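Structure record follows, encoded as structure tokens.
The values are calculated or read from the model by the stated rules, or taken from the named source; none is laboratory data. All of these numbers come straight from a predicted model, not from anything done at the bench. Methodologically, a virtual Cβ is constructed for each residue, glycine included, from the backbone with ideal geometry; neighbour enumeration extends over all protein chains shown.
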Ligand SMILES: [Zn+2]
């Protein structure tokens with residue numbers, strides 16, 4: 001018995017439910033891509049898969065549409081695996097447990113994978129429906145979007161003819177995305193020498209921050225635990241002499257760190273005064289962030305006698321300088337699109353080993369040379385201090401296109417089908433569109449999708465009636481592409 005039986009559009013929900021039965025977290029896309037290949041095979045359509053498990057399925061134009069430019073319908077196969085703390089769900093083998101409540105579909109205790117399974121379900125339902133009218137369709141299902149867009153990065157687009165691309169990886173019906181940020185990761189390494197001795201060690205911990213996504217929430221004024229820890233350490237260094245042992249905070253370069261800590265060797269005579277200064281800094285931070293961060297906690301542990309290596313004073317000075325001077329947060333707002341962050345960066349991981357302190361930053365900008373200029377700033381800073389750096393995960397921006405026939409068609413169709421004005425937006429986060437724009441010259445793109453809430457969390461849900469409206473809308477868009 002199917003949970004989604006009877007919901008409309010029937011075939012979209014049929015395929016969607018099939019997909020939820022196949023585990024398909026990022027990095028685990030073999031089975032789901034095979035499933036799509038089998039569907040294509042059963043439909044007698046040209047299809048192929050590459051070494052990244054990206055799947056391409058081609059459907060020829062219907063009569064009368066032979067001369068219309070081909071359309072790429074694109075979504076990603078992988079989903080974010082998240083579950084509630086008490087869930088025993090096994091993402092490697094268990095099917096998701098679907099539930100329908102009112103107008104929404106959920107998965108019990110886990111993410112639903114509406115992001116982006118619904119795009120795949122739409123595409124498969126379109127491919128199998130021989131009553132629709134459309135140009136040549138090139139359905140492209142990518143992999144590992146959620147972990148650096150690796151499928152899209154590796155995809156060979158030379159076999160595609162499409163001049164239009166419909167990216168169905170957005171979560172708000174009626175909002176059309178037309179631009180996204182490009183990004184790159186910078187990893188900075190500062191070598192440190194240590195002095196081995198016995199002394200009193202305390203741990204300074206900053207916690208209780210909200211954190212958030214380094215693209216979407218970078219303009220909310222939230223505190224970055226690593227940066228604030230650096231600030232606190234610098235302020236304490238004005239009054240006290242201490243030996244820095246380590247600074248650590250954050251696990252992902254694209255998440256704003258919520259907690260960070262430092263270990264220091266102190267003069268035990270100064271402990272009381274130091275504690276008082278820490279308490280003062282805590283209340284200063286609380287008033288700095290009043291109305292944004294309400295739960296900032298800065299604590300200092302009791303001293304403990306230990307044999308340990310603290311940083312050479314010259315190296316410690318460099319670490320403190322680096323944390324004080326490193327740019328972080330919003331660097332520029334867009335002058336074209338009100339409210340859009342143009343360029344930003346986030347120090348996401350601060351880590352100390354025996355021999356080095358490393359910092360990982362996620363940089364974003366909708367203007368490529370601004371992103372590169374910001375990277376050069378980090379590179380200059382770390383090189384000047386005698387450290388090294390490397391970069392990974394660069395993906396290009398999708399810059400706003402002033403003239404877009406696709407956008408005009410999509411918006412006109414929206415007005416006719418819905419009887420209201422659509423919204424055009426740009427986002428300060430990455431989409432695969434930037435990569436395809438680089439691979440296929442002159443590609444005209446838009447990103448849209450049905451309503452979803454709380455993606456990437458166990459509360460993720462998908463709106464049934466929205467899926468139906470977007471289905472009717474897409475079918476009409478394709479019909480108008482003559
Ligand atoms: Zn997605």
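What to note about this one:
- Tabulated pairs, the stretch 439-453, first not assigned by TED's automatic domain parsing to the domain that holds residue 119, second surrounded by fewer than 22 Cβ atoms within 10 Å (Cβ to Cβ) and not in a strand (DSSP E or B), C-beta under 7 angstrom, 6+ apart or interchain: none
- Residue satisfying condition, being assigned by TED's automatic domain parsing to the domain that holds residue 172, away from the ligand (no atom under 16 Å from the Cβ), part of a loop (DSSP other than H, G, I, E, B) and buried (at least 19 other Cβ atoms within 10 Å of the Cβ), within set 63, 69, 135: 135
- Looking only at the stretch 462-482, and only at residues there that are farther than 20 Å from residue 61 by Cα and in contact with a helix residue (DSSP H, G or I) (Cβ under 7 Å, 6 or more places away or on another chain), the one that is farthest from the ligand (Cβ to nearest atom): 467
- Contacts under 8 angstrom Cβ, first residue in the stretch 101-125 being more than 17 Å from residue 477 (Cβ to Cβ), partner part of a helix (DSSP H, G or I) and within 12 Å of the ligand (Cβ to nearest atom), 6 or more apart: 105/114; 116/145
- Boolean, residue 130 is out of contact with any helix residue (DSSP H, G or I) (no Cβ under 8 Å at 6 or more places or on another chain), within 20 Å of residue 11 (Cβ to Cβ) and surrounded by fewer than 23 Cβ atoms within 10 Å (Cβ to Cβ): yes
- Residue within the stretch 384-403 that is part of a helix (DSSP H, G or I), assigned by TED's automatic domain parsing to the domain that holds residue 365, in contact with a strand residue (DSSP E or B) (Cβ under 7 Å, 6 or more places away or on another chain) and surrounded by 14 or more Cβ atoms within 10 Å (Cβ to Cβ) present: no
- Of all residues in the stretch 174-195 being within 16 Å of the ligand (Cβ to nearest atom) and buried (at least 21 other Cβ atoms within 10 Å of the Cβ), the one that is farthest from residue 413 (Cα to Cα): 183
- Exclusive hit being closer than 22 Å to residue 418 by Cβ and outside any helix (DSSP H, G or I), set 166, 188: 166
- Residue match in the stretch 83-91 (condition: within 16 Å of the ligand (Cβ to nearest atom), under 23 Å from the mean Cα position of the chain (by Cα) and either surrounded by 16 or more Cβ atoms within 10 Å (Cβ to Cβ) or touching a residue at least 24 places away in the same chain (Cβ under 8 Å) (or both)): no
- Among residues of the stretch 147-163, those that are part of a loop (DSSP other than H, G, I, E, B) and away from the ligand (no atom under 12 Å from the Cβ), counted: 7
Residue-by-condition table, conditions (1) assigned to a strand (DSSP E or B); (2) touching a strand residue (DSSP E or B) at 6+ places or on another chain (Cβ under 9 Å); (3) surrounded by fewer than 16 Cβ atoms within 10 Å (Cβ to Cβ):
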| position | (1), (2), (3) |
| --- | --- |
| 331 | yes, yes, no |
| 339 | no, yes, yes |
| 343 | yes, yes, no |
| 347 | yes, yes, no |
| 350 | yes, yes, no |
| 360 | yes, yes, no |
| 379 | no, yes, no |
| 410 | no, yes, no |
| 421 | no, no, yes |
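- Residue check, residue 20 within 16 Å of the ligand (Cβ to nearest atom) and in contact with a strand residue (DSSP E or B) (Cβ under 7 Å, 6 or more places away or on another chain): yes
- For the stretch 196-227, the set of residues classified as surrounded by fewer than 21 Cβ atoms within 10 Å (Cβ to Cβ) and part of a loop (DSSP other than H, G, I, E, B) consists of 208, 210, 211, 215, 216, 217, 219, 220, 221, 222, listed by residue number.
- Applying the condition of being outside any helix (DSSP H, G or I) and within 14 Å of the ligand (Cβ to nearest atom) to the stretch 95-132 and asking which residue is nearest to residue 158 (Cα to Cα) yields 113.
- Residue list for the stretch 72-82, restricted to those being surrounded by 23 or more Cβ atoms within 10 Å (Cβ to Cβ) and within 16 Å of the ligand (Cβ to nearest atom): 73, 74, 75, 76, 77, 78, 79
- Flag for residue 81 being assigned by TED's automatic domain parsing to the domain that holds residue 462, out of contact with any helix residue (DSSP H, G or I) (no Cβ under 7 Å at 6 or more places or on another chain) and at pLDDT below 95: yes
- Here residue 276 passes the criteria (1) touching a residue at least 24 places away in the same chain (Cβ under 8 Å); (2) loosely packed, with under 13 Cβ neighbours inside 10 Å except the one numbered (1).
- In summary, residue 290 fulfils each of the numbered conditions (1) touching a strand residue (DSSP E or B) at 6+ places or on another chain (Cβ under 6 Å); (2) free of Cβ contacts under 8 Å to residues at least 24 places away in the same chain with the single exception of condition (1).
For (1) over 18 Å from the mean Cα position of the chain (by Cα); (2) away from the ligand (no atom under 16 Å from the Cβ); (3) over 25 Å from residue 479 (Cβ atoms), each residue gets a yes or a no:
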residue	(1), (2), (3)
417	yes, yes, no
420	yes, yes, no
442	yes, yes, no
446	yes, no, no
451	yes, no, no
454	no, no, yes
460	no, no, yes
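- Meets criteria (within 12 Å of the ligand (Cβ to nearest atom) and either within 17 Å of residue 456 (Cβ to Cβ) or buried (at least 24 other Cβ atoms within 10 Å of the Cβ) (or both)) for residue 144: yes
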